[in-house]
Each structure stands twice: as structure tokens, then as C-alpha cells.
Amino acid sequence: MKVNLKEIISKILRKQKEDKRIKFFTAISTMLAVIITIIFIVYFKCHQSNMASTKLALVYTSFAQGNQKQGIELLDEMISKYPKMPAAYQARLLKADISTQLGVYEEALNLLNDTVKDGKPEKIKPLAQVRIIYVFDTKRDYFNAINASKDFVNKYSDHFLIKDIYLNLAEYYLLSGSKDEALKTFNEILVNFPATPEAEKAQKRINEIK
């Protein structure tokens, strides 16, 4: 039997071309599926974000109209349905403020600690940390107020509230009986924030203590 080498080579080349086309179209299909999935995820997140923002607007409207019960229910719904959305972290701050006013301190701290840990956007985290300090201040738990204030100083040294945090930290030291630490903190204000109203307050307090 005569072997037609030319015909065999031709068949092999045709087969290779067909395989390449199959692989090419498979790759295209896979790529399209990935793109569609990404678009769906982005759309879903945008939709969720818009829904959460709308709910937050309703919360403010409810409180403005004096309907605190409905406002709290909407806050709870937001936190439950959209836990990772930026608007839901704002809802946590609002709910924590209400819980603090009502004396439900553990609930407030849980909400605030969640926000400090995972809050979005990043700028909401220091606002949650300030509220943690306030909760301990309200409880007159000055030991934990000191620790929460030191956490703020370590994490957010460039924040616009940093000078106020320093002043309050010094006062917490005084209230807890740590006069030396209070003086040290007031002096840090003089060094770190010279020629500011906070430095003037710190110097006045140093003069009063001595």
C-alpha cells in the first residue's frame, strides 16, 4: 500500500488548525463568562450600596420627624441586611450613639469595635474610636478611657481630633489619680502642638496642678 506522505501531513496540519480554533473559542467563552460575572458582582454591590444609602436617608428622616422607634428599626435592618456596606457602618455609629444615651454600653461598644476593625470607608474608623472613648467617659470608666485614648493616639496621630484626644487623655489621668502621667501628657501637648489653643489650655492646667 502506497503511503501518501503529503496527504497525511496536510491532514495533521488541518487538525492542528481546528484544535487551535477550538482552544481559541474556548478561551474567548471563558473570558466572556468571567467578564459577565464581574459585571454582575459590581452591579449587585452598587445596587446594595444604593439600597443601603436610601435606607440611611430614611433613618435621618424618621429621627427628624421624631419617630425614634422607626429610626432604630431601620438602623437594625440596615446593619442586618447590608453589614459590609459603608452606609451600614454609619448606621452602626448612629445606633451606638443611641445605645450610649440609653445606657446600653455593651451594645454600643460591640457596634463601635466592629466599625474600628472593618469599617468602610477608612475615615469612619477614627470616628468610631472617638465614640469608644466617649462610652467609657460616660461610664466613668477612666482606666478604659485612657486605654482607648492611647489607641487613638497610636493609630490616628494625624487626625484633626488628635489635640482634643491628648487633652482628654491628660484629664483622664488626673481623674484616675495619675498626676505624673497627666503632667507628662500636658507637656507632650506643648511639645507636639506649640502655639495652639490646646497648648494654651495644657499650660494653664499645668500651672493649676502645680
List the helices (runs of 4 or more DSSP H) inside the stretch 75-194, counting only whole elements, that have at least 1 residues being over 20 Å from R205 (Cα atoms). 86-102, 105-118, 124-139, 142-155
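Quick check on the stretch 164-207: of everything there that is among the hydroxyl-bearing types (S, T, Y) and surrounded by 15 or more Cβ atoms within 10 Å (Cβ to Cβ), which residue is nearest to D137 (Cα to Cα)?
Y172
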Take the conditions over 17 Å from V104 (Cα atoms) and among the aromatic types (F, W, Y) and apply them to Y166. Does it pass? yes
Pick from the stretch 96-147 the residues that are β-branched (V, I, T) and touching a Ser or Thr at 6+ places or on another chain (Cβ under 8 Å): which of them is surrounded by the most Cβ atoms within 10 Å (Cβ to Cβ)? I133
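Is it the case, given these coordinates, that A170 is in contact with a Lys or Arg (Cβ under 9 Å, 6 or more places away or on another chain) and not assigned by TED's automatic domain parsing to the domain that holds Y82?
Values: in contact with a Lys or Arg (Cβ under 9 Å, 6 or more places away or on another chain): yes; not assigned by TED's automatic domain parsing to the domain that holds Y82: yes.
In short, yes.
A quick yes/no check of all residues on (1) within 28 Å of the chain's Cα centre (by Cα); (2) within 17 Å of A145 (Cβ to Cβ):
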position: L169; (1), (2): yes, yes
position: S178; (1), (2): no, yes
position: A195; (1), (2): no, no
position: E200; (1), (2): no, no
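Yes or no, residue by residue, for (1) polar (S, T, N, Q); (2) touching a helix residue (DSSP H, G or I) at 6+ places or on another chain (Cβ under 7 Å):
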| residue | (1), (2) |
| --- | --- |
| L56 | no, yes |
| Q68 | yes, no |
| L75 | no, yes |
| E106 | no, no |
| L109 | no, yes |
| K125 | no, yes |
| N144 | yes, yes |
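The values are calculated or read from the model by the stated rules, or taken from the named source; none is laboratory data. Please read all numbers here as calculations on a predicted model, not as lab measurements. Because the Cβ atoms are built from the backbone with ideal geometry, glycine has one as well, and the counts that use them run over all protein chains shown.
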